[in-house]
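S.K.: Have a look at the structure that comes next, please.
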Amino acid sequence: MRFDILTLFPEMFAGVFDATIIGRAREMGHVEIVLRNIRDYAPGKHHVTDDTPYGGGGGMIMKPEPIFNAVEAILGIEIPPDGYRSLLQQGYPPIILLTPQGRLLKQAVARELAVHERLLLLCGRYEGVDERVCQFLVTDELSIGDYVLSGGEIAAMVLVDVLTRLIPGVLGDPEATANDSHSAGLLEYPHYTRPANYRGQTVPDILLSGHHAKLTEWRRQQSLARTLARRPDLLAEAELSEVDRKYLATLQDSSEDEVTP
Ligand code: 6GU
């Protein structure tokens, strides 16, 4: 998978993209990342990339021209007058704007994006991006959560990490991701490693018992109980068996007992 990242701050990405999983995925050729400095595509001696908003209100807005120029140069095309969207059907890559106004990035959204061979990621900065960029260039807008970042760069790093993990061959053991939190719509069960007794706190007996079927059942129950306690909103979309539902019902019953008048 190839990512072209359009940003005013390419230097922010170095550590994250050179280390561990992403670094190794790049070395192995699973992932190609090209950082593009939007400033390089801004005309004039001063390469101005932002300006004050029409109508006032303060803050600075990213100008459309450097961004349109960058996309045209990177893809070797002219943006049609009716916008870039029509080129998607011809196999041109999606252009994703990272913005707090976008749809929320979830594991299901990542799986949907993972089918693409190439993505252009546009990192918004300042108070925002000129609306004509959103209307005529961008094909998708993504946010990574309901909070405000100083720019889309960190969100772009998050997206690249999430997508890289989905590329076959990047992670050694495919089973390692099967139980990941969110991959099956539930939070993950708790993990323990040696020592069995640490500062008087012991590992649950079931993990030391060697009873495989019981262990699998315990982990599933832990996963369900945790999701119910921490993220009950996820249960509506999770794939649940009849056994799962019965177990959740016992948890809900016992929590009702605990309610004090
Ligand atoms: Cl993608 N950008 C910014 N600036 N803030 C965010 C975000 C993105 N996602 C959540 N907050």
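S.K.: Could you check the stretch 164-179 and list, in sequence order, the residues that are assigned to a helix (DSSP H, G or I) and without any contact (Cβ under 8 Å) to a residue 40 or more places away in the chain?
M.R.: Within the stretch 164-179, 174, 175, 176, 177, 178 qualify.
This table checks each residue for (1) touching a strand residue (DSSP E or B) at 6+ places or on another chain (Cβ under 6 Å); (2) surrounded by 17 or more Cβ atoms within 10 Å (Cβ to Cβ); (3) assigned to a loop (DSSP other than H, G, I, E, B); (4) of a type outside the set (Val, Ile, Thr).
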residue	(1), (2), (3), (4)
155	yes, yes, no, yes
159	no, yes, no, yes
162	no, yes, no, no
191	no, no, yes, yes
194	no, no, yes, yes
215	no, no, no, yes
221	no, yes, no, yes
229	no, no, no, yes
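S.K.: Is there any pair linking a residue in the stretch 134-148 that is assigned by TED's automatic domain parsing to the domain that holds residue 124 and in contact (Cβ under 8 Å) with a residue 40 or more places away in the chain to one that is more than 12 Å from the ligand (Cβ to nearest atom) and of a type outside the set (A, V, I, L, M, F, W, C), with Cβ under 6 Å and at least six apart or on different chains, and which?
M.R.: Listed pairs, sorted by first residue: 136/83; 137/84; 139/85; 139/94; 140/94.
S.K.: Out of (1) more than 8 Å from the ligand (Cβ to nearest atom); (2) closer than 22 Å to residue 64 by Cα, what's the single condition that is false for residue 169?
M.R.: Failing condition for residue 169: (2).
S.K.: What pairs can you find where one residue is in the stretch 36-60 and open to solvent by less than 70 Å² (accessible area, probe 1.4 Å), the other is of a type in the set (Phe, Trp, Tyr) and part of a loop (DSSP other than H, G, I, E, B), and their Cβ atoms are less than 7 Å apart, with a gap of 6+ or different chains?
M.R.: Correct list of pairs: 50/126; 59/126; 60/126.
S.K.: Let me ask something additional. Which condition from (1) open to solvent by 70 Å² or more (accessible area, probe 1.4 Å); (2) within 16 Å of the ligand (Cβ to nearest atom); (3) in contact (Cβ under 8 Å) with a residue 40 or more places away in the chain is the one that residue 117 breaks?
M.R.: The one condition residue 117 does not meet is (2).
S.K.: Every residue in the stretch 77-118 that is over 30 Å from residue 237 (Cα atoms), of a type outside the set (D, E, K, R) and assigned to a loop (DSSP other than H, G, I, E, B), please.
M.R.: Listed by number, the residues that qualify are 77, 79, 80, 81, 83, 91, 92.
S.K.: Step by step: first the residues of the stretch 141-153, then only those that are over 18 Å from residue 14 (Cβ atoms) and surrounded by fewer than 15 Cβ atoms within 10 Å (Cβ to Cβ), then the one that is farthest from the ligand (Cβ to nearest atom). Which residue is that?
M.R.: For the stretch 141-153, the residue satisfying everything is 146.
The values are calculated or read from the model by the stated rules, or taken from the named source; none is laboratory data. Model, not experiment: these values are computed from the prediction. Every residue, glycine as well, gets a Cβ built from its backbone with ideal geometry; the counts of neighbours run over all protein chains shown. Note: areas computed on protein heavy atoms with side chains; ligands, DNA, RNA excluded. Shrake-Rupley method; radii C 1.70, N 1.55, O 1.52, S 1.80 Å.
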